[in-house]
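Take a look at the structure below.
The values are calculated or read from the model by the stated rules, or taken from the named source; none is laboratory data. As the structure is a computational prediction, the values presented were derived from the model and not from experiment. Note that each Cβ is placed from the backbone with ideal geometry, even for glycine, and that neighbours are counted across all protein chains shown. Please note that ligands, DNA and RNA were not included when accessible areas were found on the heavy atoms of the full protein model with its side chains. Shrake-Rupley method; radii C 1.70, N 1.55, O 1.52, S 1.80 Å.
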Amino acid sequence: MNIKNAPIMNFYHLTINPDEKDKFLKAGKENMFTSIQKEDGVYFMSSASEGKDSNYIFEVYKDEESYQNHVNSKQFKDYQEVAKDIVDETDSFNLTPQFIGTNYQDLRVDKNNNYVVNMAKITLVDYDLEKFGKIVKKEMTQSLEKEAGVIAMLAGNMFDIENEWRFFEVYQDEAAYEAHTRTEHFINYITQTKEMIYEKNLLSLHGDVIVDRSNMNYEA
């Protein structure tokens, strides 16, 4: 699916009650699996965890109308009803999508899986924004074209802080991720952007729930 118009990309960090994590994940799975099946405007959804009480949600919708349809859906309201007593704190961020790519399979992943999920926060020196974007898009495109173990790659920058980016990447397993880090295109990306990056933080997450549509492609 070639996405021509900029979609809606949202990112959330939730602090949850660890004693209720299984209940939270079950509600999230029902919401996401139902949404990807019933709502054509839902492109990507993931709930990934770091430890027992920290959860990250990454979502992509076709447009604002699709997003509003989702928040008014029964499955989302059911999820909200469960989450309101489990989620202690929510930080939400709107991202400007820069790249979205998925491989040939429709993901329907629940908590029992070996996928590697990484999320990176990168802060750039201001004057390299456009150049950095071109290098990132080229590297991600090559990764999806050349590596069967690269499942999904998404990148966007903060709506109000343009030099702060978020990357969300899914790999088939640890071996696929390790192979990715040894590829020529990845090494070129690291070399070419080294002086552009002011700060970088990488989180290794567990992909509790991931759903998407296959063969998606978007570049800003």
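Number of residues in segment 191-209 that are assigned to a helix (DSSP H, G or I) and open to solvent by 90 Å² or more (accessible area, probe 1.4 Å) equals 4. Every condition in (1) closer than 20 Å to THR183 by Cα; (2) of a type in the set (D, E, K, R); (3) within 15 Å of the chain's Cα centre (by Cα) is met by ARG108 except one, and the failing one is (1). Being at pLDDT 95 or above and part of a strand (DSSP E or B) is the requirement here; does LEU154 meet it? Here the answer is yes, as LEU154 does meet what is asked. Across segment 67-125, the qualifying residues are those that are in contact with a Lys or Arg (Cβ under 7 Å, 6 or more places away or on another chain) and of a type in the set (Asp, Glu), and the one among them that is nearest to ASN2 (Cα to Cα) is ASP106. Only residues that are within 30 Å of ASP208 (Cβ to Cβ) and open to solvent by 40 Å² or more (accessible area, probe 1.4 Å) were counted across segment 117-143, and they come to 2. Go through the residues of segment 168-175 one by one and say whether even a single one is under 24 Å from PHE33 (Cα atoms), in a strand (DSSP E or B), acidic (Asp, Glu) and out of contact with any Cys (no Cβ under 6 Å at 6 or more places or on another chain). Looking through segment 168-175, at least one residue is under 24 Å from PHE33 (Cα atoms), in a strand (DSSP E or B), acidic (Asp, Glu) and out of contact with any Cys (no Cβ under 6 Å at 6 or more places or on another chain). Taking segment 1-95 and the helices (runs of 4 or more DSSP H) fully enclosed by it, no element has 3 or more residues that are surrounded by 18 or more Cβ atoms within 10 Å (Cβ to Cβ) and charged (D, E, K, R).
Take the conditions (1) outside any strand (DSSP E or B); (2) closer than 29 Å to ASP53 by Cβ; THR123 misses just one of them, which is (1). Of MET119, MET196, all but one fail to be touching a residue at least 60 places away in the same chain (Cβ under 8 Å) and out of contact with any helix residue (DSSP H, G or I) (no Cβ under 9 Å at 6 or more places or on another chain); the exception is MET119.
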